[in-house]
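The values are calculated or read from the model by the stated rules, or taken from the named source; none is laboratory data. Keep in mind that this is a model prediction, so the values were computed, not measured. Here the Cβ positions follow ideal geometry from the backbone for every residue, glycine too, while neighbour counts run over all protein chains shown. Accessible surface is based on the protein model in full, side chains and every heavy atom, while ligands, DNA and RNA are left aside. Shrake-Rupley method; radii C 1.70, N 1.55, O 1.52, S 1.80 Å.
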Amino acid sequence: MGGSEPRTSRGRRAQLLLLLAVLALAGCGSPQNTLEPQSGPERAISRLFWVVMTGAWIGLGVIAFLLFLGWWRRKTGSLPFGIGDWGATALIVALGVGVPIVVLTLLFVWSDVVVIRETDAPRVSSTQMTIQVVGHQWFWEVRYPGTRAVTANEIHIPTNTRVNVVVTTADVIHSFWVPQLNRKIDTIPGRRNRILLVADKPGRYRGQCTEYCGLQHAHMGLYVFAQPPAEFRAWLANMAKPAPQPATAAERSGRRVFLENACAGCHTIRGTPANGRIGPDLTHLQSRETLAALTIPNRKGYLAGWVLDPQHVKPGNRMPAVPLPNEDFNDLLAYLESLK
């Protein structure tokens, strides 16, 4: 019995340290930081946060001071500085009623006049381009009206350009959010919502679906790539082209395998008879950094695993496993890797 208490104590300390480590690491590993704004709208949100946070800490300090003052003078029959009963009542009314009314009114006016107007859906005439984003279970379809460019999960925009993003859904409610660029916005069946995206400098900004939408909700991420205008125009011109023609015998065989199996019924590859709309457009698959909505990197080994057993990588998604002979499987991979 004598040795059990130290072991129990050590166990509790270990549990406490583990809990503290989990809390400390909970916000690590992701660049989705609303307090590192990279656009005008997000800076307005960040400023409001810091003002509210500062005010909250000041309020906490005042309350803590009054509590300390009450404890310190607990044995005396009067307040300091000659404050009588009427003065004490006035102090309570001022701090408990007057100050909150004034502060909350100012915050309401600021939020309505500055923050909401800065982050609200933009006037179309005030933007330089429009992008359409469609939420699916579980990926983002991205289209550029006026061009044939279509991609998935990776939005490209030019820097210092006001972009009107029109979001819709093909199935259930999703929520589109890129924390460093603007607020979140829902995609609702039958409705077209809009939001402004503008990036101050080149970079890669991570986004996420923030409305629970099914089994793989957590694996429905996206990237926004902000590029210098000339680089963006080159990317868009390439994306508008049909898929490159197979250059080798293996690639030609892989295209045949793709068209003769279920792949062509679910995916589109422009320039071929494949025009499926269930899964992402694969016309320029190799222009993307990730697969399965940021679930895995777009590299050969991961691509092979994804094609071979998609339910292992992302359970519940609509992509079936298609059994293929080894030679056909390798040729299909060769063709998919040629889609640049």
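For segment 312-328, which residues satisfy the criterion of being open to solvent by less than 70 Å² (accessible area, probe 1.4 Å) and either more than 29 Å from Gly214 (Cβ to Cβ) or out of contact with any helix residue (DSSP H, G or I) (no Cβ under 8 Å at 6 or more places or on another chain) (or both)?
Step one: filter segment 312-328 for residues open to solvent by less than 70 Å² (accessible area, probe 1.4 Å), giving 313-317, 319-322, 324, 328.
Hits for segment 312-328 are Pro315, Gly316, Asp328.
Any idea which residue in segment 210-239 is nearest to Lys340 (Cα to Cα), counting only those that are in a loop (DSSP other than H, G, I, E, B) and open to solvent by less than 30 Å² (accessible area, probe 1.4 Å)?
Met220
Would you pick out the residues in segment 171-201 that are surrounded by fewer than 15 Cβ atoms within 10 Å (Cβ to Cβ) and touching a residue at least 12 places away in the same chain (Cβ under 8 Å)?
Asp171, Pro189, Arg191, Arg192, Lys201
Residue-wise test of (1) among the charged types (D, E, K, R); (2) within 19 Å of Ala243 (Cα to Cα); (3) touching a Leu at 6+ places or on another chain (Cβ under 7 Å).
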position: Asp309; (1), (2), (3): yes, no, no
position: Pro320; (1), (2), (3): no, no, no
position: Asn326; (1), (2), (3): no, no, no
position: Ala334; (1), (2), (3): no, yes, no
position: Glu337; (1), (2), (3): yes, yes, no
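Just the residues that are more than 18 Å from Lys201 (Cα to Cα) and surrounded by 20 or more Cβ atoms within 10 Å (Cβ to Cβ), please, taken from segment 142-165.
Selection gives Val142, Ala149, Thr151, Ala152, Asn153, Val165.
Just to verify a result, which residue in segment 269-281, among those that are buried (at least 20 other Cβ atoms within 10 Å of the Cβ) and of a type outside the set (D, E, K, R), is farthest from Leu236 (Cα to Cα)?
The residue in question is Ala274.
Considering only residues that are surrounded by fewer than 20 Cβ atoms within 10 Å (Cβ to Cβ) and touching a strand residue (DSSP E or B) at 6+ places or on another chain (Cβ under 8 Å), which ones fall in segment 282-305?
Ser287, Arg288, Glu289, Thr290, Ile296, Pro297, Asn298, Tyr302, Leu303, Gly305
Could you list, in sequence order, the residues of segment 98-124 that are open to solvent by less than 60 Å² (accessible area, probe 1.4 Å) and over 31 Å from the mean Cα position of the chain (by Cα)?
Listed by number, the residues that qualify are Gly98, Pro100.
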